[in-house]
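Peer 1: Supplied in structure tokens, the structure appears directly below.
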Amino acid sequence: MKQLSFKQFWELSEIYTAPLNLFIILLGYAIAKFQLDSLTSPAFFLFVLIIVMFHITVNIFNNYMDYKNASDENYKQQTNIIGRDHLDITFVRNLYLFSLAISFLLGLILVWNTNWVIGVLGIIGFYIGLFYSYGRRPLNSLPIAEALTGTASGFFIPVISYYLAVYQNHTLTWSMIGKVFLISLPLVLMMFNNLLANNTCDLEEDIENHRKTLVYYLGKPLAVKVLLSVYAFSFIWLLVLVFTGLAPWTVLFLLLLFPKNWIQLKQYRAVQDKKKTFPIVLKAMSAIMVLYPVLYFIGSLFL
């Protein structure tokens, strides 16, 4: 087979999750607007394109490597899109390499039009994205996978977005980076929770495929408690951000989500199932990942 149907590409690349990156990028710009009243540059829009393209690249690569590394034949033939739909493995590899080449080329253009700082941040991001599922002991098989992925997506993307909005008029300092991290922490925590819940539901499958994620060491009961604790802490952290002046008051509207979502998460606490209760977690975490940047941006307009 040498071609993909749109439905197969949709699942292989997981492009349906790409719009979430746009909100993560928005947070970085909103922080720059709120803290320094900065405006976007043309490089900012090129960065958006790179993130979407690299998102597609990483997901194709993850599916490819998961298929190659899997020991469980049921996973390879029934769960993974490559085996289930009998996709040509060489074609999938070449599609990944083509997508990577485009992402890398766009990245070089961005660095050429900005400076070396973007290059360094980009190299770190590329490394985490590619080695997440590469090799005999990929990052996604280690207990650091949840925290590393949450930090890469929830912090690295906003800090680059922030820098692209301020680099022409301001010099990036460690203090500025630290503030962006503190402000981005709700996104980092929600990304962490999404992956923690995913790995909790997939624990038995991961063990079959020799992936020892954080859940493997914690066990399901403790992993669920960690998820709920992190979710509750994220709302407390919102209050801290507002009272310390790091976030506008508009983000406090997120507190209205807590009672309803907390009740719904009780279903996940009772049963950790990929089809039945994982979507509840995904919906609760994604709501914050979308609304937090939007509310932060709205607040930045009232300077």
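Peer 1: Can you find a residue that is surrounded by 13 or more Cβ atoms within 10 Å (Cβ to Cβ) and either aromatic (Phe, Trp, Tyr) or within 19 Å of LEU187 (Cβ to Cβ) (or both) anywhere in the stretch 271-279?
Peer 2: Looking for residues that are surrounded by 13 or more Cβ atoms within 10 Å (Cβ to Cβ) and either aromatic (Phe, Trp, Tyr) or within 19 Å of LEU187 (Cβ to Cβ) (or both), one finds at least one in the stretch 271-279, hence yes.
Peer 1: I'd like the residue in the stretch 243-254 that is under 24 Å from the mean Cα position of the chain (by Cα) and open to solvent by less than 60 Å² (accessible area, probe 1.4 Å) and, out of all such residues, is nearest to THR200 (Cα to Cα).
Peer 2: Checked the stretch 243-254; the qualifying residue nearest to THR200 (Cα to Cα) is LEU254.
Peer 1: Only residues that are hydroxyl-bearing (Ser, Thr, Tyr) and farther than 20 Å from ILE25 by Cα: list them for the stretch 265-303, please.
Peer 2: Selection gives TYR268, THR277.
Peer 1: Which condition number in (1) farther than 26 Å from TYR231 by Cβ; (2) touching a Phe, Trp or Tyr at 6+ places or on another chain (Cβ under 8 Å); (3) not aliphatic (A, V, I, L, M) is the one that TYR127 fails?
Peer 2: (2)
Peer 1: To continue, here is another question. Sort out which residues of the stretch 153-172 are open to solvent by 20 Å² or more (accessible area, probe 1.4 Å) and within 19 Å of LEU196 (Cα to Cα), and write them in order of number.
Peer 2: Result: SER153, PHE155.
Peer 1: Still on this structure: Determine whether the stretch 31-43 contains at least one residue that is under 21 Å from the mean Cα position of the chain (by Cα) and either open to solvent by less than 20 Å² (accessible area, probe 1.4 Å) or over 18 Å from LEU106 (Cα atoms) (or both).
Peer 2: yes
Peer 1: Mind checking which helices (runs of 4 or more DSSP H) fall wholly inside the stretch 60-137 and carry at least 1 residues that are more than 25 Å from GLY150 (Cα to Cα), open to solvent by 20 Å² or more (accessible area, probe 1.4 Å) and among the aromatic types (Phe, Trp, Tyr)?
Peer 2: Ranges flagged: 89-113.
Peer 1: Something else: Of the residues ILE263, ILE207, which single one is open to solvent by 80 Å² or more (accessible area, probe 1.4 Å) and over 30 Å from LYS76 (Cβ atoms)?
Peer 2: ILE263
The values are calculated or read from the model by the stated rules, or taken from the named source; none is laboratory data. Since the structure is predicted, the reported quantities are computational estimates derived from the model, not experimental observations. Neighbour counts run over all protein chains shown; Cβ positions are idealised from the backbone, glycine included. Heads up: the accessible areas ignore ligands, DNA and RNA and are worked out on the full protein's heavy atoms, side chains in. Shrake-Rupley method; radii C 1.70, N 1.55, O 1.52, S 1.80 Å.
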